[in-house]
Amino acid sequence: MKIAIVCYPTFGGSGVVATELGLELSKRGHEIHFITYKQPVRLEQLTGNIHFHEVNVPEYPLFHFQPYELALSSKLVNMVKLYDIEVLHVHYAIPHAYAGYMAKKMLEEEGIFIPMVTTLHGTDITLVGNHPFYKPAVTFSINNSDVVTSVSQSLKDDTLNLFNITREINVVPNFIDVSKFSKNITLCQRTIMAEDDELIISHISNFRPVKRIADVLKIFNIISQKKKAKLIMVGEGPEKEMAENLAYELGIQNKVLFVGQSHEVDKILCFSDLFLLPSEKESFGLAALEAMVNSVPVISSNTGGLPEVNIQGVSGYLSAVGNVEEMGENALKILESEETLNKFKAGAREQARIFDIHKVVPVYEKLYEQALNKIKKSVKN
Ligand code: GMT
């Protein structure tokens, strides 16, 4: 199949999932066309059947806001025609599903019929899309997609509760290539980060308020009062400065390392002992899954799709949003002895297997076929 993938090219989870999906589909023989405003950060290995088409938005002084949706839908029309693309898969409803729908309609005028698959990722539903300024357009784009998927059951439920949806929503969870991560401690180079008797705790996010960065530091503070430990904070975002100040106020600044955005997430997770994700909202929590596949147990909140990923007492522990005391206590339970830590590490890795890429990507392939058949049928009628 020739598939166009529209996504955000940044470090955010939706862009990562879209890129990994495209890479795996290309390995399975499909021709993949990434269409976005910058080369996706995880698109390192370009191969013969992966194309990248950059969307340019020329600056014009009349416009207070440059019309990205217009440029994206025009680019989609041109690329579909040029490469005979058969399926459009848009990740994150705003504004991708809207632009995709416009492209679909423009192509129809020229007798080209192409199905659009929309994957909902989280904040496009629970935070941004739900805003009254966007809600009608988001509802319209979801209802006019040929196939809709959501990354967790929880996100599906939220979508049905918050919007007036007339389409079926298919739950297709995020995934990970389990075979890529067979942890070999000696290759982890743990010693470059910490002393032999020091535990390594990590957090990875975009440092937005929804991630509750202050809670990460408060949990670590509880841990570090009982255990010799270091916290590695990976990512950039609006809450970073607050976090740096809070680390200082809590007197843990010498134990916290802010490393910024990193292309070496797996290296960091490889030598981590525990991962913290106390988010306010989290439709899935891809970062938690990435930790788990690296045999790192997770202390998280119990919001959104996190209970579908992190299993209480097996891969880690979950607590109510904001309950940092309990999260700290649970972290100490896991870190209590080498034996319990190893039990949770094994549990995390085992739980991650459920989301193996080789189980999930065929589900998307089936949905593409379904979408194509649906379009073919409607053209016949
Ligand atoms: O975590 C973020 O804020 C980034 C955001 C995104 O859209 O890239 O992540 C969302 O999609 C990820 C991939 O499906 C999910 O793993 C995250 O849980 C989800 N974030 C939220 O729901 C806050």
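The values are calculated or read from the model by the stated rules, or taken from the named source; none is laboratory data. Just so it is clear, the structure is predicted and the values come from calculations on it, not from any experiment. Cβ atoms come from the backbone with ideal geometry, glycine included; neighbour counts cover every protein chain shown.
Per-structure values
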item: Options M102, M106; residue that is touching a helix residue (DSSP H, G or I) at 6+ places or on another chain (Cβ under 7 Å), farther than 23 Å from N373 by Cβ and not hydroxyl-bearing (S, T, Y); result: M102
item: Options T149, T126, T118: the member that is within 19 Å of E20 (Cβ to Cβ) and surrounded by fewer than 24 Cβ atoms within 10 Å (Cβ to Cβ); result: T149
item: Any strands (runs of 3 or more DSSP E) falling wholly within region 262-381 and containing at least 1 residues that are assigned by TED's automatic domain parsing to the domain that holds I219 and over 18 Å from L199 (Cα atoms); result: 298-301, 316-319
item: Selected residue [free of Cβ contacts under 8 Å to residues at least 24 places away in the same chain and of a type in the set (S, T, N, Q)] from Q66, Q153; result: Q66
item: Count of region 285-304 residues which are near the ligand (Cβ under 9 Å from one of its atoms) and within 12 Å of the chain's Cα centre (by Cα); result: 5
item: Residue match in region 189-199 (condition: touching a residue at least 24 places away in the same chain (Cβ under 8 Å) and either closer than 30 Å to A97 by Cα or within 20 Å of the chain's Cα centre (by Cα) (or both)); result: no
item: Among (1) touching a residue at least 60 places away in the same chain (Cβ under 8 Å); (2) away from the ligand (no atom under 15 Å from the Cβ) - the single one H121 does not satisfy; result: (2)
item: Complete set of residues in region 9-30 that are over 28 Å from G260 (Cβ atoms) and either of a type in the set (A, V, I, L, M, F, W, C) or in contact with a Leu (Cβ under 9 Å, 6 or more places away or on another chain) (or both); result: L25
item: Cross-chain or 6+ apart pairs with Cβ under 9 Å, region 310-339 first and on the phi > 0 side of the Ramachandran plot and modelled with pLDDT of 95 or more, then part of a helix (DSSP H, G or I) and among the acidic types (D, E); result: G322/D215
item: Strands (runs of 3 or more DSSP E) wholly inside region 3-113 containing at least 1 residues that are surrounded by fewer than 18 Cβ atoms within 10 Å (Cβ to Cβ) and under 21 Å from the mean Cα position of the chain (by Cα); result: 50-54
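Residue-wise test of (1) closer than 26 Å to G322 by Cα; (2) among the small types (G, A, S); (3) surrounded by fewer than 20 Cβ atoms within 10 Å (Cβ to Cβ).
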residue: S154; (1), (2), (3): yes, yes, no
residue: Q189; (1), (2), (3): no, no, yes
residue: F207; (1), (2), (3): yes, no, no
residue: A214; (1), (2), (3): yes, yes, yes
